[in-house]
1. Six or more apart or on different chains, Cβ atoms under 7 Å: show the pairs whose first residue is in the range 334-348 and in the same structural domain as GLN457 (by TED's automatic domain parsing) and closer than 11 Å to ILE390 by Cα and whose second is among the β-branched types (Val, Ile, Thr) and not in a helix (DSSP H, G or I).
2. Could you check the range 286-300 and list, in sequence order, the residues that are among the β-branched types (Val, Ile, Thr) and surrounded by fewer than 17 Cβ atoms within 10 Å (Cβ to Cβ)?
3. Take the residues of the range 448-500 that are more than 22 Å from TYR333 (Cα to Cα) and over 22 Å from the mean Cα position of the chain (by Cα): which is surrounded by the most Cβ atoms within 10 Å (Cβ to Cβ)?
4. In the range 101-126, which residues are surrounded by fewer than 20 Cβ atoms within 10 Å (Cβ to Cβ) and not in a strand (DSSP E or B)?
5. Among the hydrophobic types (A, V, I, L, M, F, W, C) and at pLDDT 90 or above, is that true of ALA277?
6. If I go through the range 183-225 residue by residue, how many of them are under 30 Å from SER276 (Cβ atoms) and touching a residue at least 24 places away in the same chain (Cβ under 8 Å)?
7. From the residues in the range 347-359 that are at pLDDT below 90 and assigned to a strand (DSSP E or B), which one is nearest to CYS317 (Cα to Cα)?
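The values are calculated or read from the model by the stated rules, or taken from the named source; none is laboratory data. If you're wondering where the values come from, they're calculated on a predicted model, not measured in any experiment. Cβ atoms come from the backbone with ideal geometry, glycine included; neighbour counts cover every protein chain shown.
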Amino acid sequence: MSLYRTKLDFHPTAIFTQGGLFMLVLVALLLGGCNEEVSVFEQKSMPPVVSSFSPMEGAAGTDLTIMGDFLTDVDSVKIGGVLAQIKYRVSKNELIVNVLPECKTGTVVLRNSSGWTESSEVFTMEYAVPTLSTIPAIARVNDEIELRGTKLNAVHKVYFREAGGTDVEATILYQRVDELIVEVPYFSGENAKIVLSYLKGSEAQTVVSDNDFSLSKPIPSVTNSPAEAQVNTTVELKGENLTVVDKVMVGQYQAQIVTRTNNAITFIVPGEFEASASVPLKVVFYGGQEVVISTSFSVVVGEIAKVLFWEARTIQCQVDDAESVFFNPKIGYSYAPCEYEANRDNIYFYVTWSGSSKYIQLNNPNNSANQAKNFKCEGANLPTELLPNIVKFRILDATDETQLALKNKVINKEILEITDETWAGVPQSSVNTPRFYPSPTAPGSNEIVIGDVVMFQRFLAEEVVETGFIHVTDYSIPDFTVDPNEGKKAVVTFNCYFQK
């Protein structure tokens, strides 16, 4: 711990004997009675310290153990000037990071909010050459396929190369030493080679499959669809080959796809409509081909447009590849970690996993500076900071008649407008961090269970300025008994009303 002097100006020749120090503290305490800001000593946050790391060399995928001090709040680690992935913060003296394919030979640099430090030793990057032994013969667009081989954890990107030499990039969904799971992209030809790209220093190298991959291109068909739906509600289409659908268009607006299987697609009717309208409903696939489902799908904008209503929304905990994290009830959208900086003023709540206490926590963005930093953008932790929106929560109590009536209106989608009268008789929200547990323990004690309605309110000072409601329809916490970090994959699903 580092101690330093603040606020009081002492003569530089002062001698800090034991008695003198006592008098010094006494004077400070007396002064503190008049001025709460006066202090003599203050704990100072310190930059990280690197004592050693091992191994001293390795390929992409290597776990690097760093020993030192002040490692708990490290925000980023760079190897050879390139971001590595922080994997485990074991203790204040130990940090484990994963070497990414982009990393280079060089020193290890650690950074936190107080500063940075650089290792005296150099990590030597070894460049593994992946091999590809097995690929599927045929699959459809958006199918998930398995590629087998060796040293596949060194792969940087996967492409499907058409006969003319055009490379179409695929999304890597899962990766380990002997296996890759990728999502098949659309390409115009019938066959393609599968190309693995890996880095050797700053240069990309490739490995090309011996066999061709064939793309099956069935045409999607819809056999069952509703004639009308209200804005911001969920609609289901039934048919065949629906996994190849890329977009659902409602008039000129693209709908958000919620789920997609071979035989069903659910989507949310866009909220951009200002008045009821009859518009075309169609699905788009294979880079621009269309199937028109209806030429006169009725979009209903009724009284519910006096409030904002978002159905079947999800938010994720701090798993590394999280895409839906920070919720904005004004647009019904969950920002990804890499969208954080541009949208920090629009974040109303998000959830985090506590590995030590074994629960999901719903967060007031202004309650703690230590929560947003649990999320990562391109391997780097988000800043340690408070966000501007002060949002507090109240789980509506079903044993209270007034709160039960309001809860039922939310669940039954009967909220047509939100004003102060909507929650009259209900105490204003006061909880910063209500929680979800793997197994319900004490419902009603700031613990959220499936089916609960949570009122959330934004404050300016002590005044409520905006109100919304979350109806929790589901949440899931993976088995964390072997690895507590599995809890980071938890997901919460909810419907949301918000004041318009």
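1. TYR348/VAL391
2. Those that are among the β-branched types (Val, Ile, Thr) and surrounded by fewer than 17 Cβ atoms within 10 Å (Cβ to Cβ): VAL291, VAL292, THR295, VAL300.
3. Restricting to residues being more than 22 Å from TYR333 (Cα to Cα) and over 22 Å from the mean Cα position of the chain (by Cα), the top hit is VAL464.
4. Scanning the range 101-126 gives GLU102, LYS104, THR105, SER113, SER114, GLU126.
5. yes
6. Step one: of the range 183-225, the residues under 30 Å from SER276 (Cβ atoms) are 220-225.
Filter once more, so that each one left must be touching a residue at least 24 places away in the same chain (Cβ under 8 Å): 220-222, 225.
Looking only at that region, the number is 4.
7. Filtering the range 347-359 for residues that are at pLDDT below 90 and assigned to a strand (DSSP E or B), the one nearest to CYS317 (Cα to Cα) comes out as TRP353.
Yes/no matrix, rows are residues, columns are (1) outside the structural domain of VAL99 (by TED's automatic domain parsing); (2) farther than 30 Å from PRO47 by Cβ; (3) over 31 Å from the mean Cα position of the chain (by Cα); (4) without any contact (Cβ under 8 Å) to a residue 60 or more places away in the chain:
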site	(1), (2), (3), (4)
THR117	no, no, no, no
ILE138	yes, yes, yes, no
LYS151	yes, yes, no, no
THR171	yes, yes, no, yes
